[in-house]
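Here the structure is laid out as structure tokens; the discussion comes afterwards.
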Amino acid sequence: MCGIIGYVGKKKALPILIEGLKALEYRGYDSAGIAYLKNNTIEMVKSIGRISNLEEKVIETEDSYMGIGHTRWATHGKPTENNAHPHHVGKITLVHNGIIENYKELKEECLAKGYTFQSDTDTEVAAAMIDMVYREEKDMQKTLQKINKILEGSYALGILCEDDTDTLYAVRKDSPLIVGTSTTGNYIASDVPAIIKETKVYYLLEPNEIAEIKESEIHFYKEGKEIEKEKKEYEGDASVRDKMGYAHFMLKEMHEETDVIQNTLQAFPTFDASLTSYKKIQIVSCGSAFHAGLVAKSLFEKYAKVPVEVTIASEYRYAPFLTEKNTLVIGVSQSGETADTLAALKLAKENGIDTLGIVNVKESSIAREVDKVIYTVAGPEIAVATTKAYLAQVTTLSLLALSLAYEKDNITKEEYDTIMHDFSLLPTKVKELLNKNYKEIAEKIYQKEDIFYLGRGVDYALAMEGSLKLKEISYIHAEAYAAGELKHGTISLIEKGTPVISVITDTNLKEKIVSNNKEVHARGAYILVITNTDIPEESYDLKIELPEGNPFTNPVLAVVPMQMLGYEVALLRKCDIDKPKNLAKSVTVE
Ligand code: F6R
């Protein structure tokens, strides 16, 4: 969600900015723009739609060695060129990620001082405010110090000032920003992969810190004082930006799932979290991470006998805070930057509740906020729709539930060993599932407008993820229902040929869901079951047979075909699979 790139150095800036913007595409955006210094003047180019539209307008060979770029995911105002960043006011040009919450009051103040506005954005107001303060202070460092106290909300800003033609400024609060460095120049970016082709060495800008960046020096300031910062080195390499021969990042990432499971099993002995002292667990997360939490709930409750509440983070943060001591709040997040999940965890912490993060991106805001963190080892995920990171979340949480069940003597050593053995077989089984032919099944459903997913117990949680995967990338309306709930309303939507995808891994609930399937079958539904249990042939039209599993490994097995099916359906519908419309990878605003 919004991406920032900036460069000052010895190389020509425009190719670096365009390359950086392309690398940030995965975060989700609907317009893009750059500003660069040429002959001591700031030039701007903006465009709506894809980066390729911007690229057509830009002459990459321009003699420019400093500039900033931005991908915008519209919040204040439509995706138009006027609203696209950078915004230029007076001596200031800037790009912004986040939301300035008090922009209306600030806009009034600026209007009263004679500023006028060309866009609907909060960002242009921030630019005007910085210009106003700069005209008093005549020093960017002091200006940004003041600005940190004036702007409310979340922001990462990359700034050019007309009077400092050799310096790029950056400041942040809550929205992420890194400062990269190499022998040929220095950079700002929303994440390291955006500059991975230039450098792996970076500094992590902390809230309210100011970076003053020149061709061969970087200075950091906090509260008016210069500070030293530790250099970090990114562990990944440029291959994270390469599809490695796959048609889409989503397909590549699904094929990485076998390695993800392997890596998670290897990391398991190092998990630093015994949960025995907690009477209750609350899981806060969004989207697929919320669905991973629901899978975990079923395992923690059934085997570790600990009550678990799973709450959508955006609901948790505004609900009355009733969490009792001896509760552990677990935040699950791939990006580690999801604004609502971060806020929910902050709220828990402020109230003296222990927090644990299950996070994929190292040193992300959530990872640094929580008391303890367990990193999922999915590696960087580029496709907007999560696949391997969700799988890593489910595997990690299942292993935690298993280990708690064992620590509490709810399962024997023998049972524990058998389940762990099953986990070790998962990579081979997942590979087998990935290699099945889903195209034929996709052909049967890709022209439908409504598809229902059914499940009971843990299978309902899995159905929710299957339905999300399909709808977000194929734009087919898909709904997941707890199978027992159908006849309380939804069954009226079933017509002849309506696809119903039914997940059945819980043998205890098998008979119940088979009856529900028969009910919709009798009303004309076309039933596809995803199962590793024996079910009567007359209760379905088509079956995806899952390899044998146990309650801890079944969720992983069941979700893989649903991810692949979503992919194949989206492919047949010619959708932009890696960058679905309106969606952002990292949801840094609420
Ligand atoms: C769906 C998807 C989203 C994310 C959600 C949370 O495929 O990717 O639903 O799961 O936005 O994101 P993270 O895990 O980064 O907090």
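The values are calculated or read from the model by the stated rules, or taken from the named source; none is laboratory data. Values in this document were obtained by computation on a predicted structure and should not be read as measured data. Because the Cβ atoms are built from the backbone with ideal geometry, glycine has one as well, and the counts that use them run over all protein chains shown.
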So, ALA156, is that one out of contact with any helix residue (DSSP H, G or I) (no Cβ under 6 Å at 6 or more places or on another chain), assigned to a helix (DSSP H, G or I) and surrounded by 22 or more Cβ atoms within 10 Å (Cβ to Cβ) or not?
no
Being in contact with a Leu (Cβ under 8 Å, 6 or more places away or on another chain) and not hydroxyl-bearing (Ser, Thr, Tyr) is the filter here, so list the residues in region 415-438 that pass it.
ILE419, MET420, PHE423, LEU426, LYS429, VAL430, LEU433
Condition met for THR183 (more than 25 Å from ALA367 (Cβ to Cβ), β-branched (Val, Ile, Thr), at pLDDT 95 or above and out of contact with any helix residue (DSSP H, G or I) (no Cβ under 9 Å at 6 or more places or on another chain))
yes
Any chance you could count how many residues in region 50-83 are of a type outside the set (Ser, Thr, Tyr), in contact with a strand residue (DSSP E or B) (Cβ under 7 Å, 6 or more places away or on another chain) and within 20 Å of PRO580 (Cα to Cα)?
6
Name the residue, out of ILE18, ILE34, that is under 14 Å from ALA189 (Cβ atoms), assigned by TED's automatic domain parsing to the domain that holds LEU205 and surrounded by fewer than 24 Cβ atoms within 10 Å (Cβ to Cβ).
ILE18
Being more than 16 Å from the ligand (Cβ to nearest atom) and at pLDDT 95 or above: is that true of LEU251 here?
no
List the number of the failed condition for MET44; all other conditions in (1) within 21 Å of LEU157 (Cα to Cα); (2) in contact with a Pro (Cβ under 9 Å, 6 or more places away or on another chain); (3) modelled with pLDDT under 95 hold.
(3)
Any residue in region 496-521 that is among the small types (Gly, Ala, Ser) sitting within a Cβ distance under 7 Å of a residue that is outside any strand (DSSP E or B)? List the pairs, counting only those 6 or more apart or interchain.
GLY497/GLY524; SER502/ILE513; SER502/ASN517
Could you check, for region 260-273, whether at least one of its residues is within 14 Å of the ligand (Cβ to nearest atom) and surrounded by fewer than 24 Cβ atoms within 10 Å (Cβ to Cβ)?
no
With the checklist (1) touching a helix residue (DSSP H, G or I) at 6+ places or on another chain (Cβ under 6 Å); (2) at pLDDT below 95 in hand, flag the one item ALA442 doesn't pass.
(2)
Please go through region 456-493 and pick out each residue that is touching a Phe, Trp or Tyr at 6+ places or on another chain (Cβ under 7 Å), away from the ligand (no atom under 14 Å from the Cβ), among the small types (Gly, Ala, Ser) and without any contact (Cβ under 8 Å) to a residue 40 or more places away in the chain.
ALA482
Could you give every pair whose Cβ atoms fall below 7 Å, whose first residue belongs to region 566-590 and is assigned by TED's automatic domain parsing to the domain that holds GLY336, and whose second residue is more than 14 Å from the ligand (Cβ to nearest atom) and among the basic types (Lys, Arg), counting only separations of at least 6 or pairs across chains?
GLU568/LYS439
Within region 238-248, how many residues turn out to be modelled with pLDDT under 90 and either hydrophobic (A, V, I, L, M, F, W, C) or in contact with a Gly (Cβ under 9 Å, 6 or more places away or on another chain) (or both)?
3
If you go through region 104-122 one residue at a time, do you hit one that is in contact (Cβ under 8 Å) with a residue 12 or more places away in the chain and closer than 17 Å to ILE42 by Cα?
no
Under the condition of being surrounded by fewer than 16 Cβ atoms within 10 Å (Cβ to Cβ) and acidic (Asp, Glu), which residue from region 542-589 is nearest to the ligand (Cβ to nearest atom)?
ASP576
Within region 106-164, which residues are hydrophobic (A, V, I, L, M, F, W, C) and more than 21 Å from HIS76 (Cα to Cα)?
ALA112, MET132, VAL133, MET140, LEU144, LEU160, CYS161
Residue pairs meeting the criteria (Cβ under 6 Å; at least 6 apart or on separate chains; first outside the structural domain of SER335 (by TED's automatic domain parsing), in region 276-297; second within 14 Å of the ligand (Cβ to nearest atom) and part of a helix (DSSP H, G or I)):
none
